[in-house]
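Trainee: First the structure, then my questions, so here it is.
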Amino acid sequence: MKLLSIHWPVRVAGRLSCGMVAASLLLGLALVPGARAASAPIVLTGADRRPATSLNGEWGSIVDPYFSGLFSFHHEEKKNGWFLNQKAKPGDPFPTEYNFVTAPKLKVPGDWNTQHELLLYYEGPVWYERDFTYQPKPKTHIFLHVGAANYRSWFWVNGQKVCEHEGGFTAINCDVTQAVHAGANFVVAAVDNTRLEDGVPGLETDWWNYGGLTREVSLIEVPETFIDQYDLHLMRGAGSVIEGWVHVMGGQPGEKVEVEIPELGAKQSATTGSDGRAVLHFNVQGLERWSPDRPKLYKVGLHAGQDSIDELMGFRTVETRGTEILLNGKPIFLRGVSVHAEAPYRTGRAYSNKDAEILLGWAKELGCNYVRLAHYPHDETMLRAADRMGILVWSENPVYWALEFDNPKVLAKAEQQLDEEINTSRNHAAIILWSMANETPNNAARTHFIETLASRARSMDPTRLITAALLVRAQGNTKIVDDPLGQALDVIGVNEYIGWYEGHPESADTTQWQIEYQKPLIVSEFGGGAKAGLHGSENERWTEEYQANIYRHQLPMLNKIPQLRGMSPWALMDFRSPNRPLAGIQDEFNRKGLISEQGQKKQAFYVLQKAYKDGTIGKAN
Ligand code: GCU
């Protein structure tokens, strides 16, 4: 088989960026005759509610900065790449120069950066391998489920390419039915966290670029005809009508779908149309709506043919009325905080239920009924915990700072990640806001790009509110919110740092706000840095006293904004970022947390907690 010669990208800044190598070679790979084209991964809604065989644990791992496990450096794609997981045998014509068995191990799930000090700063490809045994069953599909792999990833089973994916924070479900066989099998993954100029996010972020298989990996079996996606929600208004749809894959039009909610004595069936969707709309008696005060969850059974999913769902409505946000028809004020998926104590990418319960437990302790999960989709354990604990959620697509907004390929990547986020997580009662972006530059290309995303999100999910965190401009001591993107949003988010990046904490006392939109406003970020345990005068930066002083002046200012309907100060916990090197103070952590990554609450935590608990902020309800 003649392999196409692969044209290497021009050298970039004196070094060949692995990302560009991989991207150009994947193009070649896709064009190579006979190379099995990888199937596109699919979205499995509620994958975490399905029985699964876990592949978590220790995987053999090889750090491969030149991606030489996939490509030779003589312009050829390797036929015997490391994805074959070959074992050296006496008399082999060529040396086998890798061995996953003797290679160092990496824990899955988990970023590689915090598993080995030599990998803390590593950006590039890493290979993973593990064996598994399997007994194929008739009329059964098997998916390789990966909760997330940051940033690009490629997967092989028994040496056969099964899929590839770009995006570091959404689930990947590869159909591996054709690749597995009875008995011993193996899976190989290559994950490359190289940041790309045309990535989503792009080259610049203020968080650590944690690479690897950062969330759970498992095998999920489904019948030949199975439910891949669904959406069930309470219809807006005062009644108790549940509406939505269930999509069936692999079946014919006319497949019967059944939804039951035993506690409500509800059982409803419908049949799929030519699009594979069964549409449902049914009244239920005695439904208790989900809310932060009473986060009621119901067991919901979804059935289609041989397939069943046992979901756990809350039912509520959210909408706006003028400048109010209504939850279940009543105005609500979002007392929140911003949260990165940084693991408390151990640091690194958060992935476990324990991580989620600690972080959201701190938010509850702070007096929050809401969190802004920044700046990318968090994992399902975090969203399940929010459902259970009654914490409303702002979920965000990682369109962060400056992207190539005029590049259609980048828009397609942002749309793909938005689709994966919404179609995976659309049944969480806790999620009320889909955020399209954070702090993007106000120009025509950006506005068109994000307006496109907003209308896509709205058409995919008309039951939630669309928002974004906008930058604000200043005229003297007036803050002006007039970013044209605001027209496309239901709720306006704004980030401001009076007292930290501009002026002094006292500057807030004389700041006026001019909001050009008669819409609900959330101040999605404010705050300042402090090293836990560092004390001094309230005019001395980096002391807890200074940070607390920022909050003492911010809160009364924000309270004067007539359409303020929420806030999510930056941030709940200190988090790792390469932009924050100040030795002895930051040590590569962003110190704006109200709590240190070791769980030390700073004075500002108590300033905000008091304001939330005694209702001096917003219309507490
Ligand atoms: C920005 C950005 C955050 C960042 C923060 C900061 O507003 O949205 O991601 O961490 O400012 O400067 O600390």
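Readers should treat all values here as calculations from the given coordinates under stated rules, not as data from a laboratory. Owing to the predicted nature of the structure, the values given are computational and were not obtained by experimental measurement. No Cβ is skipped: glycine too gets one built from the backbone with ideal geometry, and neighbour counts run over all protein chains shown.
Trainee: Ignoring everything except DSSP H segments at least 4 long, calculate the 222 nm mean residue ellipticity for the chain; use -39,500 (n - 2.57) per segment, divide by total residues, nearest 500.
Mentor: -5000 deg cm²/dmol
Trainee: Given q = 0.15 Å⁻¹, what are the Debye log10 I(q)/I(0) values for the stretch 311-434, with equal point scatterers placed on the Cα positions and solvent ignored?
Mentor: With no solvent term, the Cα-only Debye profile gives -0.75.
Trainee: How much FRET efficiency would the formula 1/(1 + (r/R0)^6) give for residue 99 and residue 455, where r is the Cβ-Cβ distance and R0 is 51 Å, rounded to 0.05?
Mentor: Efficiency, rounded to the nearest 0.05: 0.50.
Trainee: Just name one of 589, 511, 394: the one whose Cα is farthest towards the positive end of the charge dipole of the chain (beta-carbon charges, Lys/Arg +1, Asp/Glu -1).
Mentor: Value computed over the given set: 394.
Trainee: Still on this model: If you keep only loop residues by DSSP, which GluC sites (Glu not before Pro) in the stretch 453-552 have at most 14 other Cβ atoms within 10 Å of their Cβ?
Mentor: Sparse-neighbourhood loop GluC sites (Glu not before Pro): 516, 540.
Trainee: Shifting gears a bit: So what's the net charge close to residue 336: Lys and Arg +1, Asp and Glu -1, counting the other residues with Cβ under 12 Å from its Cβ?
Mentor: Summing Lys and Arg as +1 and Asp and Glu as -1 gives +3.
Trainee: Something else now. Let me spell out the model: positive unit charges on the Cβ of Lys and Arg, negative unit charges on the Cβ of Asp and Glu, origin at the Cα centre of the chain. What dipole size does that give, in debye rounded to 20?
Mentor: Magnitude of the dipole: close to 640 debye.
Trainee: Further, regarding this structure: Under 19 Å from a point 7 Å along the Cα-to-Cβ line of residue 243: which residues of the stretch 296-324 have their amide N that close?
Mentor: 314-321
Trainee: Straight-line reach from residue 256: which aspartates and glutamates have a Cα under 18 Å away, not including same-chain ones fewer than 8 places off?
Mentor: Result set, ordered by chain and number: 224, 228, 231, 243, 275, 307, 310.
Trainee: Same structure again: What number does the stretch 487-614 give for Rg over Rh if you use C-alpha atoms and the Kirkwood radius?
Mentor: Taking Rg over the Kirkwood Rh, I get 0.99.
Trainee: Set the Förster radius R0 to 25 Å, insert the Cβ-Cβ distance between residue 540 and residue 195 as r into 1/(1 + (r/R0)^6), and round the FRET efficiency to 0.05.
Mentor: Step by step, r from the Cβ atoms, then E = 0.10.
Trainee: For the chain, what Kirkwood radius comes out of the mean inverse Cα-Cα distance, in Å?
Mentor: For the chain, inverting the mean 1/r across all distinct Cα pairs yields 25.6 Å.
Trainee: For the residue pair residue 58 and residue 282, what label-to-label distance in nm results when each label sits 7 Å from Cα along the Cα-to-beta-carbon direction?
Mentor: Rounded to a tenth, the inter-label distance reads 5.0 nm.
Trainee: Let me ask something additional. Mind checking the log10 I(q)/I(0) for the stretch 236-316 at q = 0.17 Å⁻¹? Debye, one equal scatterer per Cα, no solvent, two decimals.
Mentor: After summing over all Cα pairs, the log10 values are -0.69.
Trainee: Compute the relative contact order of the chain as a whole-number percentage, counting only Cα pairs closer than 8 Å that sit 6 or more residues apart in sequence.
Mentor: 11 percent
Trainee: Let me ask something additional. Rounded to the nearest 20 debye, what is the charge dipole size of the stretch 236-316 about its Cα centre when +1 sits on each Lys and Arg Cβ and -1 on each Asp and Glu Cβ?
Mentor: Dipole magnitude for the stretch 236-316 comes out near 280 debye.
Trainee: Tell me which lysines have Cα within less than 19 Å of residue 105's Cα, excluding those fewer than 8 residues away on the same chain?
Mentor: Straight-line reach from residue 105, under 19 Å: 87.
Trainee: Right, here's the next one. For a quick check of your reading of the filter: which chymotrypsin sites (Phe, Trp or Tyr not before Pro) in the stretch 481-520 sit in a DSSP loop and have no more than 14 other Cβ atoms within 10 Å?
Mentor: Those satisfying the criteria are 501.
Trainee: For residue 72 paired with residue 89, estimate the spin-label separation in nm (one decimal), with each label point 7 Å from Cα along the Cα-to-Cβ line.
Mentor: For residue 72 paired with residue 89, the spin-label model returns 2.1 nm.
Trainee: Output the pairs from 78/107; 409/531; 330/531; 267/354 with a Cα-Cα distance over 31 Å in this structure; if there are none, say none.
Mentor: The answer is 409/531; 330/531; 267/354.
Trainee: Let me ask you something else. Taking 0.36 nm per residue of separation and subtracting the Cα-Cα distance, what length does fully extending residue 139 through residue 407 add?
Mentor: 92.2 nm
Trainee: Can you give the three extents of the C-alpha atoms in the stretch 319-614 along their principal axes, from longest to shortest, in whole Å?
Mentor: The Cα atoms of the stretch 319-614 stretch 52, 46, 41 Å along their principal axes.
Trainee: Tell me, how many Å apart are the Cα centres for the stretch 440-485 and for the stretch 352-366?
Mentor: 30 Å
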